[in-house]
């Protein structure tokens, strides 16, 4: 904690010494932290270069093609998380409903999705549904499967967020004569969304990585392009490493944005 002295107030020397020591400790920690990353990555990179080698000409030719899949990956993830949130809100309301039909339907949805692998759900939509006359293109298949899967997991997140809203505020809104629909829309959901945003951010980052699974149905996202470039030429090791680095970079960037969002929201909560 930084000492803030008002006009005419003298900060005790011991406080200044503690603050200086704390700053030095943080600098040493950041330096050693960064050094650890550099050493480990350097060793791993050196090992790979020594054992596998890098075909610079090949990477120069195919790297733009592989990087182009990043935008497809982000598009799939953004659209999927949008529909997943809608499904999650409906599922959470169903799970909290006193109506046995809605509650049972929402509970069945969560149970089925959480009880089956995502890859099975993708293949079911793409390969099994055509037997029933329902044919869906690869890109919509990936979006539907990801949204359907993550909507079930986020259902429990939203349910917990809704239940975390203080009951006194709900009772006060009802005492003012607001109908139940308005209480949910104006009082409960706005607060629940603020509560669940960190969890939604975590799931969005996880979805960005899980979107690689849609390559099995031919969606030309990052992993599909990496395999297409590397497998016929015998350079799959290099292209998969490139894809892994791209996913890692996306994860770090999205995590940074999420951390800033959470920091801004927590600052807003402290100022209220």
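Any read-out appearing in this document is the output of simple, stated calculations on the displayed coordinates, not a laboratory observation. All figures in this text were calculated on a predicted structure; none of them were measured in a lab. So basically every Cβ, Gly included, is an ideal-geometry build from the backbone, and we count neighbours across all protein chains shown.
Between residue 263 and residue 206, the simple label model (points 7 Å from Cα in the Cβ direction) yields a spacing of 2.5 nm. Computed over the chain, the alpha-carbon pair-distance distribution with 5 angstrom bins reads 1, 5, 9, 10, 12, 12, 11, 10, 9, 8, 6, 4, 2, 1, 0, 0, 0, each value a whole percent. GNM on the chain, alpha-carbon springs under 10 angstrom: the most fluctuating residue among 19, 180, 61 is 19.
Each Cα pair under 8 Å and six or more residues apart adds its separation to the average, and for the chain the resulting relative contact order is 22 percent. Each residue of the range 193-240 gets 74 Å³ once the volume of the Cα convex hull is shared out per residue.
Tell me the mean residue ellipticity at 222 nm calculated for the chain from its helices only (DSSP H runs of n ≥ 4, each -39500 (n - 2.57), averaged over every residue, nearest 500).
Values: 10 runs with 208 residues, N = 272.
Computed mean residue ellipticity for the chain: -26500 deg cm²/dmol.
Among 126-138, 190-202, 76-88, how do they line up by average Cβ neighbours within 10 Å per residue, starting with the highest? Intermediate values should be presented prior to the final figure.
Values: 126-138: 12.0, 190-202: 16.7, 76-88: 20.4.
Top to bottom by mean Cβ count within 10 Å: 76-88, 190-202, 126-138.
Kindly state, to the nearest 0.05, the FRET efficiency for residue 21 paired with residue 227, given R0 = 51 Å and r defined as their beta-carbon distance. All intermediate terms of the calculation are to be shown ahead of the outcome.
Values: r = 53 Å, r/R0 = 1.03.
For residue 21 and residue 227, the calculated efficiency is 0.45.
Ranked by how many other Cβ atoms sit within 10 Å of their own Cβ, fewest first, the residues 158, 33 fall in the order 33, 158.
Taking one quarter of the surface of the C-alpha convex hull of the range 79-122 gives a mean projected area of 3.2 nm².
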